[in-house]
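This report concerns only the one structure given below.
The values are calculated or read from the model by the stated rules, or taken from the named source; none is laboratory data. These figures come from a predicted structure and were not determined experimentally. Positions of Cβ are generated from backbone atoms using ideal geometry, with glycine treated the same way; all protein chains shown enter the neighbour counts.
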Amino acid sequence: MEEVLYFWDKPLQGSFKQHIVSDEQRLLTAYRKTGNLQVLGRLYEPYMPLIYGLCFKYYKDEARSEDAVMQIFESLISKLRVHEVSNFKSWLYTLARNHCLMELRTANRINTVDIEEHIVESDIFLHQKNSGEQIPEEQLAWMESCLETLNEEQRVCLTLFYLEQRCYKDVAEITGYDLNKVKSHIQNGKRNLKICMEKKQDEQ
């Protein structure tokens, strides 16, 4: 599995790289114009083992990773008709990673792992946490909205650290960020999320 994941970052060389990139651009253009799923399949198929490896790294579950490979393909059907992609490999990696993180975040919310219990420290949240009250749907919506305002580094690090309850070292390994950068992203993201939440509360 580690060998499979490694190839996301392995640079292609010389004429082989030019051939791959040229062929991908041709397929991207053809699919964008026609919406032909056979063309999309040819584009996606070489990356399926890599997508599976990436998803397995997050899920630690074979069946769930296999399902994710197909779900990501299904999302490409619409996304590649409207987005102009210049580097398909890099774009696909980001799409797949975000898919896994969003799925994990959703699953953890269902399992009552509330990010606001860890991150948001305003009086209203502390009161609700200590009293055992449920967080109102309106404030959950605020939290979701505020998460989207964070930059990608902060959002991903917060999701891994709080929702998945990963340690700093794990977050650094998954994201590729330096350990000190991970700590900085989490600290800054936590502060920015709190500010955003309190601003929305004041606007009510």
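General observations
- The residue pairs whose first member lies in region 158-180 and is at pLDDT below 85, whose second member is hydroxyl-bearing (Ser, Thr, Tyr), and whose beta carbons are closer than 9 Å, counting only pairs six or more residues apart or on different chains, are 160/175; 161/168; 164/58.
Residue by residue, here is whether (1) within 22 Å of residue 165 (Cβ to Cβ); (2) assigned to a helix (DSSP H, G or I); (3) modelled with pLDDT of 90 or more holds:
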site: 41; (1), (2), (3): no, yes, yes
site: 47; (1), (2), (3): no, yes, yes
site: 56; (1), (2), (3): yes, yes, yes
site: 67; (1), (2), (3): no, yes, yes
site: 71; (1), (2), (3): no, yes, yes
site: 102; (1), (2), (3): yes, yes, no
site: 107; (1), (2), (3): yes, yes, no
site: 112; (1), (2), (3): yes, no, no
site: 126; (1), (2), (3): yes, yes, no
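- Inter-residue pairs, beta-carbon under 8 Å, first at negative phi and in region 63-90, second of a type in the set (Phe, Trp, Tyr) and assigned to a loop (DSSP other than H, G, I, E, B), 6+ apart: 89/8
- Residue that is farthest from the chain's Cα centre (by Cα) [pool: residues in region 167-180 that are assigned to a helix (DSSP H, G or I) and surrounded by 17 or more Cβ atoms within 10 Å (Cβ to Cβ)]: 172
- Odd one out for residue 152, checked against (1) over 21 Å from residue 93 (Cα atoms); (2) modelled with pLDDT of 50 or more: (1)
- Residue in region 181-190 that is hydrophobic (A, V, I, L, M, F, W, C), surrounded by 20 or more Cβ atoms within 10 Å (Cβ to Cβ) and within 15 Å of the chain's Cα centre (by Cα) present: no
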